[in-house]
Structures are given as C-alpha cells and as structure tokens.
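Before anything else, here's the structure in question.
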Amino acid sequence: MGGLWRGAGTTATSCSNHPNQHPLIRELNQVVEWKKYQKVLESWQVLMNLIILIAALVISFLIFTWLIRVVKATVTTAFAIALLVLCLQLFFGIGPQDIWQEVTTLWQQITQPGSIR
C-alpha cells in the first residue's frame, strides 16, 4: 500500500529529479518549466516595451516643444525685421536695397583684416 501512495499529493514538477522517473514525465516537466519561464519572459517583454514606449513619447514631446520654440523665435525675429524695414521705408525713405547694401558693406569691412580702425 505504501508504494501506491508514495506519489500521491505530489506534482509532476516536485519530483522531476527522481531517478526512476519515466523519460516522458521528465520531458513533460521540462516543457512545463519552460512554459513558466516563457510566461515570465513575455511579461518582462511587455514591461520593457511599455518602458520604451513611454521613453519614446517623452523624447518626442521634448523634441516637439523645442521645435515649437525654435519656430516661434524665428517667426518673431522675422516679423521684427520686417516691421523695422517697413518703418525705415515709411518714415525715412530708406528702402530694403539701401539696408542690404549697408549690411554687405559692413560685412566686408568686418571680414577684411585691418580694415576696422
């Protein structure tokens, strides 16, 4: 009677190291253990994918806000320059060609060595 009840109450995984165990049972135990590890790996993969997704969203948000700031600064500067040129033309009669000529002359004087006194 003791031989019949020896394995009762034990699971297949708890006696996986039993020397007299049938090879199919050992293989089944290995498959069950592999399935457990596979489920753990799948849950880690889901967690890692979630972390990567959150990091990508944060980086995208930061780049987008930086880009908006750059565009805003560019548009503000362009608007200020256009307003300045318009005021110079309306109030003093200085056209865009005159301003461009002065800017190029100033740039040439700056880039030539020894030309500024």
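Which members of region 72-94 meet the condition of being of a type in the set (Gly, Ala, Ser) and loosely packed, with under 11 Cβ neighbours inside 10 Å?
Answer for region 72-94, where residues must be of a type in the set (Gly, Ala, Ser) and loosely packed, with under 11 Cβ neighbours inside 10 Å: ALA73, ALA78, ALA80, GLY93.
Can you find a residue in region 103-117 that is in contact with a helix residue (DSSP H, G or I) (Cβ under 7 Å, 6 or more places away or on another chain) and without any contact (Cβ under 8 Å) to a residue 12 or more places away in the chain?
Among the residues of region 103-117, at least one is in contact with a helix residue (DSSP H, G or I) (Cβ under 7 Å, 6 or more places away or on another chain) and without any contact (Cβ under 8 Å) to a residue 12 or more places away in the chain, which makes the answer yes.
Now, a different point. Can you find a residue that is in a helix (DSSP H, G or I) and modelled with pLDDT under 75 anywhere in region 34-51?
no
The values are calculated or read from the model by the stated rules, or taken from the named source; none is laboratory data. The shown structure was predicted, so the numbers you read here are calculated from the model rather than taken from an experiment. Methodologically, a virtual Cβ is constructed for each residue, glycine included, from the backbone with ideal geometry; neighbour enumeration extends over all protein chains shown.
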